[in-house]
Amino acid sequence: MPRRLAAASVLLLLSGVTSSANEFERVRPVTNDATRKECGECHMAFQPGLLPAGSWTRIMDGLDDHFGEKASLPPGPATEIRAYLTGNAAGRGDPALLRITEQRWWLREHRFRPEVWLRKDVLSKANCEACHRDAARGLYDDD
Amino acid sequence: MIRFLMPTLAVFAVGGAIAATANPARTALLDGYAAQAKAQSATFAGFSAERGRALYLGPHTGGKPETNACAACHTPNPTAQGRHQRTGRAIEPMAVSATPKRFTDPAEVEKRFDRDCPNVLGRACTAQEKGDFITYLAGQ
């Protein structure tokens, strides 16, 4: 067992992954056009791998009142996007939480002073791109 | 005769404004809104960039306080990049001179009016307001 652990650490070192390695630091970019278009209008199109399938299902069920905005879609794109998001969802996370920014792993990585969230260039926790330059490509390990 | 001529002149005036930024899809979109506006109001006499500007700049009451004008997200200068009030996301300029593809995809345009008019005005936009808005921004 210690042997296997050691081997794993070597692999981690070789692949340049930091010790805080986290399955969310690199997620697959959005490859579905409908999702990129319809879910990338008001904020960047969040990658399916950032939330578990249960969260995506509830988000897609509630587009009429989407965090206070009307984001409803015609049935065609809605079905396609739902299938894409749930089919490529994260393996972990709490499906009872709708937000990425409420997930435990996310909160752990973002313990900043409250003023940070009030900065004009940030405005919202969901504005991943304000801090992660390559967020749209699914790269969050850029600090 | 005069009643007949007036709308014709108005249509010509709109036609002139469009010619400056000729795009068949945008022309067709405006024609559609003009037909709807006529059906909605017997006194409709063409779109007005000036009314469109007033709509854009606001401020309005009835919608959400933080979005009391189109300009709240799109900035008072339509050639400037806007910003979503809640998410911070950048929005391409609304002015056609800055973003030539604006108002060329009818489904997209309707979807945006459908979502944004209630936020700003607290109600849907009329066909005339939609046409005024596009006429203003097509000339910017």
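Checking the stated criteria, B:T75 turns out not to satisfy the condition of being under 20 Å from B:L29 (Cβ atoms) and away from chain A (no Cβ under 13 Å).
Given the structure, is A:L51 away from chain B (no Cβ under 14 Å), more than 23 Å from B:N119 (Cβ to Cβ), at pLDDT 95 or above and in contact with a strand residue (DSSP E or B) (Cβ under 7 Å, 6 or more places away or on another chain)? Considered against the rule, which asks whether it is away from chain B (no Cβ under 14 Å), more than 23 Å from B:N119 (Cβ to Cβ), at pLDDT 95 or above and in contact with a strand residue (DSSP E or B) (Cβ under 7 Å, 6 or more places away or on another chain), A:L51 comes out as yes. Looking only at region A:128-143, which residues are within 14 Å of the chain's Cα centre (by Cα) and more than 14 Å from chain B (Cβ to nearest Cβ)? Matches in region A:128-143: A:D134, A:R137, A:G138, A:L139, A:Y140, A:D141.
Matching residues to (1) more than 10 Å from every other protein chain (Cβ to nearest Cβ); (2) within 22 Å of A:N22 (Cβ to Cβ); (3) of a type in the set (D, E, K, R):
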{"position": "A:L73", "(1), (2), (3)": "no, no, no"}
{"position": "A:D94", "(1), (2), (3)": "yes, yes, yes"}
{"position": "A:R104", "(1), (2), (3)": "yes, yes, yes"}
{"position": "A:R111", "(1), (2), (3)": "yes, yes, yes"}
{"position": "A:A126", "(1), (2), (3)": "no, yes, no"}
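Can you tell me which residue in region A:61-87 is modelled with the highest pLDDT, limited to those that are assigned to a loop (DSSP other than H, G, I, E, B) and either in contact with a Phe, Trp or Tyr (Cβ under 9 Å, 6 or more places away or on another chain) or open to solvent by 60 Å² or more (accessible area, probe 1.4 Å) (or both)? Ranking the qualifying residues of region A:61-87, first place goes to A:F67. Within 14 Å of another protein chain (Cβ to nearest Cβ), among the β-branched types (V, I, T) and over 18 Å from A:G68 (Cα atoms): does that describe B:T87? Answer is no for this residue. Looking across region B:116-137, just one residue is touching a Lys or Arg at 6+ places or on another chain (Cβ under 6 Å) and either of a type in the set (V, I, T) or closer than 13 Å to A:E69 by Cα (or both), and that is B:N119.
Between residues in region A:21-35 that are under 26 Å from A:E109 (Cα atoms) and residues that are of a type in the set (S, T, N, Q) and open to solvent by less than 50 Å² (accessible area, probe 1.4 Å), which pairs lie under 8 Å by C-beta distance while being six or more apart or on different chains? Here the result reads A:V27/A:Q47; A:R28/A:Q47; A:P29/A:Q47; A:V30/A:Q47, each pair linking region A:21-35 to a residue that is of a type in the set (S, T, N, Q) and open to solvent by less than 50 Å² (accessible area, probe 1.4 Å). Could you tell me whether B:G58 is open to solvent by 40 Å² or more (accessible area, probe 1.4 Å) and at positive phi? Answer is no for this residue.
Residues that are within 12 Å of A:K125 (Cα to Cα) and in a loop (DSSP other than H, G, I, E, B) within region A:104-115 comprise A:H110, A:R111, A:F112, listed in sequence order.
Among the numbered conditions (1) under 30 Å from B:N68 (Cβ atoms); (2) modelled with pLDDT of 95 or more, the only one that B:A28 does not meet is (1).
The helices (runs of 4 or more DSSP H) found wholly in region B:36-140 and carrying at least 3 residues that are in contact (Cβ under 8 Å) with a residue 24 or more places away in the chain occupy B:49-57, B:106-121, B:127-138. Within region B:27-46, the set of residues being over 14 Å from B:C125 (Cα atoms) and within 12 Å of the chain's Cα centre (by Cα) comprises B:L29, B:L30. Of all the criteria given as (1) at pLDDT below 95; (2) touching a helix residue (DSSP H, G or I) at 6+ places or on another chain (Cβ under 7 Å); (3) surrounded by fewer than 16 Cβ atoms within 10 Å (Cβ to Cβ), the one not satisfied by B:C73 is (3). Condition check for A:P95 on (1) over 21 Å from B:A90 (Cα atoms); (2) without any contact (Cβ under 8 Å) to a residue 40 or more places away in the chain; (3) open to solvent by 50 Å² or more (accessible area, probe 1.4 Å): one failure, at (2).
The values are calculated or read from the model by the stated rules, or taken from the named source; none is laboratory data. Not measured: the values here are computed from a predicted model. Note: ideal-geometry Cβ built from the backbone for every residue, glycine included; neighbour counts use all protein chains shown. Side chains are part of the model used for accessible areas, which takes the heavy atoms of the whole protein and leaves out ligands, DNA and RNA. Shrake-Rupley method; radii C 1.70, N 1.55, O 1.52, S 1.80 Å.
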